[in-house]
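The values are calculated or read from the model by the stated rules, or taken from the named source; none is laboratory data. Just so we're clear, the structure is a prediction, and the values are computed from it rather than from any experiment. Note that each Cβ is placed from the backbone with ideal geometry, even for glycine, and that neighbours are counted across all protein chains shown.
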Amino acid sequence: MATIAYQTASCLYEGAANPAVDRLTLEVDDGEFIVLVGPSGSGKSTALRMLAGLEDIDEGNITINGKDMVGVPSKDRDIAMVFQNYALYPSMTVAENMGFALKMRGVPAGERRRQVEQAAELLDLSDFLDRKPAKLSGGQRQRVAMGRAIVREPQVFCMDEPLSNLDAKLRVQTRTQIAALQRRLGTTTVYVTHDQVEAMTMGDRVAVLKDGKLQQFAAPTELYDAPVNAFVAGFIGSPAMNLVPALVTSEGVQLGESTLPLERDRLAALHRQELSSVTVGLRPEQLEVVPAGQGIDVRIDLVEELGSESYVHAHLVDDRGGASTRLVARSHRRAPGRLGETIGLRHGAGSVHVFHPDTGARIDGEEMSARVGTGV
Amino acid sequence: MTKHSTLSRAEGWRRRAPLLPALLFTILVTQVPFLLTVYYSTHSWNLVRPGSWEFVGLQNYLYVFRDSQFREVAMNTVILIVGTVLISALLGLGLALLLNRSFRGRGVVRTLLITPFLITPVAGALLWKTAMFDPVFGIVNFVLQPFGVGNFAWVSQFPLATVMVDLIWRWTPFMMLLILAGLQSMPEDVLEAGRVDGAGPIALFRELTLPHLRRFIELGVVLGAIYLVNTFGAIYMMTSGGPGVESANLPFYIYQRAFLGFEVGQAAAMGVVTVAATIVIAMLALRLIFKSFMGAQEAA
Ligand SMILES: Nc1ncnc2c1ncn2[C@@H]1O[C@H](COP(=O)(O)OP(=O)(O)OP(=O)(O)O)[C@@H](O)[C@H]1O
Ligand SMILES: [Mg+2]
């Protein structure tokens with residue numbers, strides 16, 4: 001049981017121009033499952049490895065249960081880590097792998113065996129205890145890596161993309177198992193992934209990183225509903241949110257021929273910042289497919305049929321911002337249109353997101369900004 | 001189908017044809033002499049006694065097994081091989097561990113450490129005998145002078161040991177290179193997992209690094225032993241097997257018997273015994289290596 005706090009913690013690799021993790025500040029509550037997510041190279045692994053003691057904390061500090069971790073070696077932090085490639089000990093059997101940390105702690109062999117068998121039961125590994133890792137399937141290895149972590153009953157679990165080597169189906173299955181296991185054990189967990197679906201479904205809270213900097217740290221639904229900037233908006237959600245440049249008019253913002261109305265206080269905020277154009281964010285499910293002429297007219301580039309729903313990729317017909325303005329809309333109907341056909345898209349439920357055209361920062365009216373506490 | 005296979009048989013011979021000269025040559029220079037040796041070993045034949053050619057059956061072998069010098073020499077051979085291989089593997093392990101961390105000038109140090117392996121064995125032996133161990137102007141005595149060591153004659157006092165020093169000096173770099181290759185193929189994340197699991201440096205080495213290095217050390221030991229069986233130059237240069245046969249090994253003793261004593265029949269019998277013993281030991285050793293390299297040690 002532990003709380004974790006990153007306090008403006010930075011890590012600068014030797015020879016690198018910019019820190020891999022840049023003044024990261026995060027507070028993790030006891031028993032919480034938090035997910036670090038971001039594109040490749042955003043510093044997720046580095047942030048995790050700093051917590052595990054595998055990278056130096058060059059600036060700031062990290063505390064576990066209020067205890068400063070700067071200079072504390074990994075072995076004294078009481079952290080268990082699950083590695084992307086599992087890093088099982090090749091010369092040891094599954095049982096020895098799982099019991100290694102206990103052995104290092106001086107737990108007698110009988111007691112060790114008992115705890116390993118208990119964990120193996122939980123993970124359905126009882127039949128493999130005497131095998132070497134090389135003779136296991138990918139999924140079984142993954143479970144051994146999990147087993148090695150839970151046998152220890154550590155203060156903190158660190159997991160670095162533990163599912164990325166599994167096939168899609170197994171990944172979904174294991175995802176729910178890990179989440180359930182964590183709830184049951186109640187161990188504070190920091191989980192790294194680049195897969196935003198994993199982030200959304202597993203985390204109590206999700207921290208979005210980009211270039212080593214924290215963008216937003218909030219519950220998944222809040223990330224989805226109120227992204228603090230265009231980057232988070234585009235990163236969270238699949239297919240990604242439509243982010244299109246639009247002109248500011250007196251009633252709202254203009255997309256193609258039509259105008260999307262904005263509330264008065266948001267308009268006021270735009271005028272206060274003297275912006276003539278903004279980046280507008282619309283989730284695919286906020287766009288309804290309607291007959292041409294009844295909304296924003298677009299031409300279909302591609303229709304993705306998923307069975308239960310379909311995604312229409314299209315571009316604006318009458319495009320003032322250049323020919324590249326593309327939109328994706330979700331439709332509950334099958335085959336809402338054919339390739340090359342012109343259809344209309346209408347803004348349906350939920351308010352549009354408005355971002356600053358240069359900085360990408362979210363622009364809210366007074367009322368909204370008071371309600372949405374940003375995580376940064 | 002049959003037509004196809006006959007065709008491919010002809011094709012197979014056509015493809016093998018260019019290799020045949022090499023095969024014939026190998027048979028000519030290894031198998032034919034061996035058969036001749038076996039043949040000689042059943043005869044009593046001394047080159048300096050004309051007309052001594054006589055079939056004696058297995059008498060030469062009986063003589064070999066009764067010869068106490070042969071037994072002493074066989075023992076010397078074992079000590080030489082086992083001692084050299086073990087000590088150089090240990091030293092090689094230590095040096096490899098040092099070289100596996102990064103420091104300034106690592107490339108230069110590595111090259112310097114490898115050089116003994118590149119020096120001609122005869123030159124190396126001469127160097128040890130004269131430059132290092134010479135009683136009057138050797139470096140060893142010079143260095144040990146402050147500790148009260150005078151003109152000590154290392155080579156004649158400890159003949160086998162000094163030969164071993166030369167061999168260890170030459171074989172340590174070989175072991176070091178092999179073990180270094182092993183160390184560098186050690187997966188980093190496994191060590192990190194060990195650290196997170198609470199292992200200190202010594203436990204990491206004992207529980208993770210050493211098991212990983214095992215096959216590399218085994219390979220070094222077996223290859224080293226195979227080469228060391230026929231050590232000749234070092235003994236010839238440093239001690240000539242003496243005093244007596246105190247520092248002779250089997251190849252050297254056989255050489256003495258054949259070319260200094262001209263006892264061709266007896267020398268041939270010793271050669272056959274040596275080859276047979278070497279083949280048995282080499283086969284066991286090679287099987288050991290193949291087992292540990294093929295054995296599914298590697299986890300993905
Ligand atoms: N050992 C290293 N030495 C120097 N730079 C490094 C090292 N490891 C990572 N980096 C750099 O630090 C940055 C962050 O790397 P990190 O591995 O934390 O990214 P990540 O978010 O985990 O990416 P991915 O999703 O691809 O695993 C990258 O720009 C990377 O190039
Ligand atoms: Mg990573």
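Of the candidates A:Ala230, A:Ala168, A:Ala218, the single residue that is under 20 Å from A:Pro284 (Cα atoms) and not hydroxyl-bearing (Ser, Thr, Tyr) is A:Ala230.
Select from the range A:318-363 the residues that are at pLDDT 85 or above and of a type in the set (Asp, Glu) and write down the one among them that is surrounded by the most Cβ atoms within 10 Å (Cβ to Cβ). Step by step, filter the range A:318-363, then rank; the result is A:Glu341. Determine whether A:Ser74 is within 16 Å of ligand 2 (Cβ to nearest atom), at negative phi, surrounded by fewer than 23 Cβ atoms within 10 Å (Cβ to Cβ) and assigned by TED's automatic domain parsing to the domain that holds A:Thr187. For A:Ser74, the condition - within 16 Å of ligand 2 (Cβ to nearest atom), at negative phi, surrounded by fewer than 23 Cβ atoms within 10 Å (Cβ to Cβ) and assigned by TED's automatic domain parsing to the domain that holds A:Thr187 - is not met.
Residue check: is A:Val82 within 24 Å of B:Glu207 (Cβ to Cβ), within 16 Å of ligand 2 (Cβ to nearest atom) and crowded, with 22+ Cβ neighbours inside 10 Å? So A:Val82 passes the test. Which ones in the range B:16-46 are of a type in the set (Ser, Thr, Tyr) and assigned to a loop (DSSP other than H, G, I, E, B)? If the condition is that a residue be of a type in the set (Ser, Thr, Tyr) and assigned to a loop (DSSP other than H, G, I, E, B), then B:Thr42 is the only one that fits. State all residues of the range A:23-59 that are within 16 Å of ligand 2 (Cβ to nearest atom) and over 23 Å from A:Pro220 (Cα atoms); if no residue qualifies, say none. Within the range A:23-59, A:Arg49, A:Met50, A:Ala52, A:Leu54, A:Glu55 qualify. Of all residues in the range B:196-206, those that are assigned to a helix (DSSP H, G or I), surrounded by fewer than 21 Cβ atoms within 10 Å (Cβ to Cβ) and at the interface with another protein chain (Cβ under 7 Å from one of its Cβ atoms) total 1. A count restricted to the range A:35-90 and to residues that are over 26 Å from B:Leu210 (Cβ atoms), in contact with an Asp or Glu (Cβ under 7 Å, 6 or more places away or on another chain), of a type outside the set (A, V, I, L, M) and within 14 Å of ligand 1 (Cβ to nearest atom) stands at 3. Would you confirm, using the coordinates I've provided, whether A:Leu122 is modelled with pLDDT under 90 and either surrounded by 17 or more Cβ atoms within 10 Å (Cβ to Cβ) or under 29 Å from the mean Cα position of the chain (by Cα) (or both)? In short, yes. Restricting attention to the range A:155-171, and to residues there that are more than 24 Å from A:Met50 (Cβ to Cβ) and surrounded by 15 or more Cβ atoms within 10 Å (Cβ to Cβ), which single residue is farthest from ligand 2 (Cβ to nearest atom)? If we take residues in the range A:155-171 being more than 24 Å from A:Met50 (Cβ to Cβ) and surrounded by 15 or more Cβ atoms within 10 Å (Cβ to Cβ), then A:Leu170 is farthest from ligand 2 (Cβ to nearest atom).
Looking across the range B:91-132, just one residue is without any contact (Cβ under 8 Å) to a residue 40 or more places away in the chain and among the aromatic types (Phe, Trp, Tyr), and that is B:Phe103.
Residues are listed down the side, and each one gets a yes or a no for (1) within 14 Å of another protein chain (Cβ to nearest Cβ); (2) of a type in the set (A, V, I, L, M, F, W, C):
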{"residue": "A:Pro108", "(1), (2)": "no, no"}
{"residue": "A:Glu111", "(1), (2)": "no, no"}
{"residue": "A:Arg114", "(1), (2)": "no, no"}
{"residue": "A:Ala120", "(1), (2)": "no, yes"}
{"residue": "A:Leu123", "(1), (2)": "no, yes"}
{"residue": "A:Phe128", "(1), (2)": "yes, yes"}
{"residue": "A:Ser137", "(1), (2)": "yes, no"}
{"residue": "A:Ala145", "(1), (2)": "yes, yes"}
{"residue": "A:Arg148", "(1), (2)": "yes, no"}
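Could you tell me whether B:Leu93 is part of a helix (DSSP H, G or I) and over 20 Å from the mean Cα position of the chain (by Cα)?
Numbers: part of a helix (DSSP H, G or I): yes; over 20 Å from the mean Cα position of the chain (by Cα): no.
Taking the combined requirement at face value, the residue does not satisfy it.
Answer yes or no as to whether B:Phe174 is away from chain A (no Cβ under 14 Å), over 30 Å from A:Arg49 (Cβ atoms) and not in a helix (DSSP H, G or I). So B:Phe174 fails the test.
Any idea how many residues of the range A:180-227 are acidic (Asp, Glu) and either away from ligand 1 (no atom under 16 Å from the Cβ) or buried (at least 18 other Cβ atoms within 10 Å of the Cβ) (or both)?
Kept after step one, since they are acidic (Asp, Glu), are these residues of the range A:180-227: A:195, A:198, A:204, A:211, A:222, A:225.
Restricting the remaining residues to those that are either away from ligand 1 (no atom under 16 Å from the Cβ) or buried (at least 18 other Cβ atoms within 10 Å of the Cβ) (or both) gives A:198, A:204, A:222, A:225.
The total comes to 4.
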